[in-house]
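See below for the structure under consideration.
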Amino acid sequence: METIAAHTTVHTEHTTSHDDHDHHHEASWLETYVFCQDHKTIAKQFLITGMFWGVVGGLLSVIFRMQLGWPNETFPILETFFGRWAEGGKISNEFYYSLVTMHGTILVFFVLTGGLSGTFANLLIPYQIGARDMASGFMNMLSYWFFFAASVVMFSSFFIQTGAASGGWTAYPPINGIRDLAVNKGSGLGFDLWILAMALFIVSSLLGGLNYVATVLNLRTKGMTMMRLPLTIWAFMFTAVLGILSFPALLAAVSLLEFDRLLGTSFYLNQIIINGNLLDYKGGSPVLFQHLFWFLGHPEVYIIILPAMGIVSEVLSVHARKPIFGYRAMVVSIMAIVIISFLVWAHHMFVTGLNPNLAAVFVLFTLLIAVPSAIKVFNWIGTIWRGSLRLNPPMLFAIGFVSMFISGGLTGLMLGNSAIDIQLHDTYFVVAHFHIVMGVAAFFGMFAGVYHWFPRMYGRFMNDTLGYIHFYITLIGGYAIFFPMHFMTGLPRRYYAFSNFETFSNFDSLVVFISIAAIIVFLAQILFIVNFFYSIFKGRKVEGEYANPWGGTTLEWTAPVARIHGNWPGEIPSVHRWPYDYSVNGKEYITQDVPLAPGEVEHK
Amino acid sequence: MTTFLVFAVIVMLYVILVLIGKANETSKLLSGKVFSYEGDSKMNGYLMLGFLVLFFWSIAFQIKYLTPLMIPKSASYHGDETDQLFYVTLFFISIVFVLTHAALFYFTYRYNESKNKEALFYSHNNKLEVIWTVIPAIVLTVLVVMGMRVWFKIFDVDGRDKNMMVVEVTGQQFKWTVRYPGPDGKFGKRIIDKEHVSPTNELGIDWTDPNSHDDFFADKIVLVKDKPVLCKLGALDVLHSFYLPHFRVKMDCVPGLPTQFYFTPKYTTAEMQDYLKTLPWWNNIGKESNEPKWKTFKYELACTELCGRSHYGMQKDVVVVATEKDYLDWMKTQQSHYETVVKPSLEEKKVAEPIAAVVSTK
Ligand code: HEM
Ligand SMILES: [Cu+2]
Ligand SMILES: [Cu+2]
């Protein structure tokens with residue numbers, strides 16, 4: 001470890017001395033922007049790739065919301081773009097299922113896992129723990145390029161003859177397990193590409209995750225004890241732990257699935273009869289796949305939400321000018337969530353033929369996980385109580401996050417009780433639950449982070465007015481889309497149309513309302529992207545060489561505004577206090593590198 | 001052309017917004033503010049408070065106008081209990097929801113920097129934290145216990161009524177096959193091997209089993225009020241899920257893995273219609289039928305596990321009749337598959353190809 005530190009110091013001095021000269025031996029363009037090993041650049045690469053995916057994933061939802069909202073209308077533009085998938089301007093049912101499948105996959109994995117963790121863990125871990133870079137810059141670079149490769153493969157599957165995967169983001173066999181186009185077109189090459197892309201994605205995620213954990217454990221600067229870590233870092237580290245322990249299960253699951261598909265093994269298949277022909281598969285179990293999938297799948301939802309929670313804890317505290325309430329409880333809650341989230345996976349499977357006695361265990365742990373979640377919520381509210389809140393865009397999004405997390409988390413208590421879940425499973429109620437608690441909430445966390453750390457990333461601010469417009473439309477629109485879905489309890493999800501059922505025909509006008517709201521919210525996200533790129537070039541500059549624009553206490557604000565290789569020009573600051581000294585000892589804030597004043601007692 | 005216009009308008013809108021945003025920022029800075037958001041906290045405090053009011057109002061609005069559209073009260077006995085559990089949970093979470101939201105948005109407004117200049121250094125309060133850990137834990141324990149009691153009652157195999165009726169429902173792309181055991185109350189055996197499964201016998205029914213001879217396939221599911229029914233579920237090709245929304249019944253149908261669901265219908269179709277007639281919303285005229293909504297009401301079977309392109313079309317009617325006699329009357333109108341289809345074809349074969357026929361019936 002010492003050698004690494006020593007090495008990087010030397011390295012930095014080397015580069016800074018270069019800066020003093022006239023940039024002769026600067027790294028080439030390729031090294032600076034493409035095959036870059038600097039955590040700050042990699043963070044930006046993840047962010048911008050994530051934004052690309054966010055737009056794609058959002059656009060897919062706009063298209064299928066158009067089908068749901070106006071099933072009898074035609075939209076010629078769809079045919080222009082999608083040809084035979086939208087003949088006569090109306091998307092086909094097969095295309096609809098590709099759209100929802102890819103929408104789920106893209107948003108869960110590529111935006112809210114890759115985009116979110118990739119951006120903020122990379123940006124903040126070295127900065128906030130006081131390290132020059134990640135433990136292995138090379139692995140970190142590989143992590144991005146595997147993500148990129150996964151993205152290319154996933155995206156290419158839209159353009160093949162038989163279309164993208166269409167058997168749901170959960171990839172359940174047998175529909176995804178048999179390579180028979182008559183059963184499901186999307187289960188052909190489209191799903192092979194899906195598996196390949198996911199495998200690449202998992203490699204990326206593991207490379208990144210191992211690196212994050214190694215960095216946090218080994219490269220903390222002098223004085224940065226674990227209990228002086230900002231909550232962001234706790235969150236990123238445990239997110240990485242979750243990923244390292246659960247993604248391999250998914251990799252195994254989909255690899256075996258591919259064996260079934262290509263080699264004729266029967267891991268997940270048994271007694272499959274298609275058009276009266278009994279296939280040769282024998283002895284496998286489709287339910288086994290579901291176990292493996294949700295063994296990742298449930299931790300995955302926390303992989304998405306924990307970074308957002310970390311970001312929100314930090315942003316709330318900074319802009320409330322007040323320490324986070326109950327720091328220790330927050331850390332313990334994160335740990336509890338991590339542990340329990342490995343013990344609840346079968347709550348996605350209460351009515352899949354699981355042994356009813358087993359369900360009892362999973363109900364217990366599922367409701368148990370609500371306790372640490374509740375503690376976090378109360379502590380956030382405790383944090384803003386008697387603060388002096390700056391209601392700027394990052395803060396508004398952080399508060400919005402808390403609201404979304406409450407609204408969506410509470411319905412988890414209904415879903416988690418197996419007897420109630422009989423009715424709710426695979427209906428719009430579940431759609432409402434997870435879009436609010438995970439989808440919208442995680443986006444709010446991500447936005448809070450982008451608005452907050454934009455000055456750190458680009459040395460400029462994003463525009464506030466556009467931020468407010470973005471925030472209020474997303475807050476109101478997010479609820480407008482998903483809150484009414486609670487009343488559509490009992491309407492099955494993943495329905496291309498409801499016209500075949502008398503029972504499901506009551507909500508026609510509500511469905512139109514939701515579709516309109518979805519389109520407006522999508523347009524507001526484009527406004528965010530406009531603001532983002534506009535501000536990179538034209539945003540207001542952060543004044544001063546060592547400006548700390550928000551008055552934050554954590555180490556990233558002690559580094560120069562100009563983002564240099566190695567982060568700090570001279571020595572790395574050492575740490576003398578916890579990260580939440582706001583409004584204390586007559587000072588508005590005290591950064592972590594400030595030694596205790598004579599007579600000052602460290603906050604424990 | 002219209003599409004192009006719409007795009008042009010949207011792009012214009014973005015340009016205008018960016019210009020407004022920039023102008024706002026510049027004017028703030030010119031007036032000597034350090035942060036461009038300075039002074040906005042006050043406005044946002046009010047807006048957030050306004051949002052709280054709007055949010056609560058909209059929920060009241062939704063309760064008023066959307067609950068009447070929901071799937072009506074449970075038509076099965078266990079469904080009453082799961083619904084009750086739903087409402088008990090709803091009660092608890094509503095309290096938490098209202099209190100936390102009121103606090104969150106009120107604090108946002110009350111303690112924004114324009115109203116509260118000085119933050120209070122207040123980092124933790126162990127007593128408070130214990131309280132808000134223990135109370136949720138107790139409530140959750142209560143919910144788990146209540147939930148488990150209902151759950152185990154639903155899946156209590158030993159407590160089943162010996163007189164229950166049995167229906168077999170099999171899902172395949174994209175239809176349901178409903179098989180009744182016929183007057184003898186026994187299903188013919190199914191043997192899943194290449195010899196028995198064929199395009200004309202997808203279920204692999206062993207027609208040499210005499211129990212199979214009176215089995216019949218029905219085009220709908222007919223149940224009897226207050227008579228327990230065991231649904232034996234299966235699937236041929238991919239996953240499907242057997243979902244009776246009005247009865248609060250759902251169970252996946254898995255190829256190669258038999259599943260089941262046992263329940264008792266509580267209201268006949270006619271009784272449910274009579275009940276709905278008393279609700280104003282159900283007296284609205286349906287768009288296609290031109291009849292009051294309650295009149296076209298029916299119980300339905302739907303699929304809730306994505307099974308391919310026509311997943312959303314796997315519908316079947318379900319009817320609950322009042323008495324056993326009604327049921328038997330209906331059964332008399334149904335024809336045994338063996339008698340009407342299998343036997344004639346066997347006889348045909350016997351005439352044409354005596355040897356092959358002997359082999360296939362063993
Ligand atoms: C407060 C604790 C929570 C509980 C008790 C809970 C419980 C549940 C249960 C039981 C289901 C399965 C519903 C069904 O399919 O029938 C579910 C679905 C889901 N939950 Fe939660 N949940 C909680 C919080 C969260 C959080 C924090 C997230 C994400 C950040 C999340 C994301 C999801 C997702 C994505 C699904 C649906 C997956 C799918 O079927 O496609 N939940 N939740
Ligand atoms: Cu889960
Ligand atoms: Cu289906």
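Annotations for the structure displayed:
- Residues of the range B:134-158 that lose at least 20 Å² of accessible area (1.4 Å probe, protein heavy atoms only) when the other protein chains are present, relative to their chain alone, are B:Pro136, B:Leu140, B:Leu143, B:Val144, B:Met148, B:Trp151, B:Phe152, B:Phe155.
- Scalar couplings 3J(HN,Hα) for the range B:195-207, obtained by applying the Karplus form with A = 6.51, B = -1.76, C = 1.60 to θ = phi - 60°, are 6, 8, 7, 7, x, 8, 9, 5, 7, x, 6, 8, 6 Hz; x denotes Gly and Pro.
- Estimated dipole of the protein assembly as shown in Debye, rounded to 20 [Cβ of Lys and Arg +1, of Asp and Glu -1, Cα centre]: 1740 debye
- Debye, to nearest 20: dipole size of the range B:165-336, +1 on Lys, Arg Cβ, -1 on Asp, Glu Cβ: 560 debye
- Here's how it looks for B:Ala235: its modeled amide H is under 5 Å from those of B:Gly171, B:Val254, B:Gly256, B:Leu257, which are all 5 or more places away or on a different chain.
- Computed over protein heavy atoms with a 1.4 Å probe, the accessible surface of chain B works out to 50 Å² per residue.
- Per residue of the protein assembly as shown, the DSSP helices (runs of n ≥ 4 H) give a summed -39500 (n - 2.57) that works out to -18000 deg cm²/dmol at 222 nm.
- Relative contact order of the range B:165-336, taken over Cα pairs closer than 8 Å and 6 or more residues apart, is 25 percent.
- Stokes-Einstein D in µm²/s, Kirkwood radius over Cα pairs - chain B at 10 °C with 1.306 mPa s viscosity: 59 µm²/s
- Per atom type, the range B:165-336 shows carbon and sulfur on 52% of its accessible surface, probed at 1.4 Å.
- The simple spin-label model puts a point 7 Å past each Cα toward its Cβ; for A:Lys538 and A:Thr74 those points are separated by 4.1 nm.
- In terms of its alpha-carbon gyration tensor, the range A:497-604 comes out prolate; a/c meets the 1.5 threshold, and the first ratio a/b outweighs b/c.
- Computed extension length for A:Phe513-A:Leu245: 92.3 nm, one decimal, from 0.36 nm per residue of separation with the Cα-Cα distance subtracted.
- Using θ = phi - 60° and Karplus 6.51 cos²θ - 1.76 cosθ + 1.60, couplings along the range A:512-521 (whole Hz; Gly, Pro as x): 5, 4, 4, 5, 5, 4, 4, 5, 5, 4
- The base-10 log of I(q)/I(0) for the range A:542-604, evaluated at q = 0.14, 0.23 Å⁻¹, reads -0.43, -0.99 [Debye formula, identical scatterers on Cα atoms, solvent excluded].
- Karplus (6.51, -1.76, 1.60) ³J(HN,Hα), θ = phi - 60°, over the range A:73-86, in Hz, Gly and Pro reported as x: 8, 10, 10, x, 4, 5, 5, 3, 7, 10, x, 6, 6, 9
- Amide H contacts of A:Gly353 (H built 1.01 Å from N, under 5 Å, at least 5 apart or other chain): B:Asp252
- In the range A:315-337, burial by the other protein chains removes 10 Å² or more of accessible area from A:Lys322, A:Pro323, A:Phe325, A:Gly326, A:Ala329, compared with the chain on its own (1.4 Å probe, ligands and nucleic acids ignored).
- Peptide packing for A:475-487, B:197-209, B:233-245 was compared via the average number of neighbouring C-beta atoms within 10 Å per residue; ordered from the highest value, the list is B:233-245, A:475-487, B:197-209.
- Spin-label pair B:Ala322-B:Lys127: with each label point 7 Å from Cα along the Cα-Cβ axis, the two points sit 6.6 nm from one another.
- Compactness relative to 2.2 N^0.38 Å, alpha carbon Rg of the protein assembly as shown: 1.01
- Surface share of carbon and sulfur [accessible, 1.4 angstrom probe, percent] for the range A:533-582: 57 percent
- Under a 5 Å amide H cut-off, with hydrogens placed 1.01 Å from N, B:Tyr299 pairs with B:Val318 among residues at least 5 apart or on other chains.
- With every protein chain in place, the range A:177-314: carbon and sulfur % of accessible area (1.4 Å): 68 percent
- For the range A:442-473, a decrease in accessible area of 30 Å² or greater in the assembled protein chains relative to the isolated chain, with a 1.4 Å probe, applies to A:Asn463, A:Asp464, A:Thr465, A:Leu466, A:Tyr468, A:Tyr472.
- The B-A contact accounts for roughly 11300 square angstrom of buried accessible surface, both chains included, probe 1.4 angstrom.
- Accessible surface, per residue, of chain A when the full set of protein chains is kept, probe 1.4 Å, Å²: 31 Å²
- Restricting the GluC sites (Glu not before Pro) of the range A:511-575 to loop positions (DSSP other than H, G, I, E, B) with no more than 16 neighbouring Cβ atoms within 10 Å leaves A:Glu543, A:Glu545, A:Glu571.
The values are calculated or read from the model by the stated rules, or taken from the named source; none is laboratory data. None of the values given here were measured: they were computed from a predicted structure. Methodologically, a virtual Cβ is constructed for each residue, glycine included, from the backbone with ideal geometry; neighbour enumeration extends over all protein chains shown. The accessibility values were calculated without ligands, DNA or RNA, using every heavy atom of the protein model including side chains. Shrake-Rupley method; radii C 1.70, N 1.55, O 1.52, S 1.80 Å.
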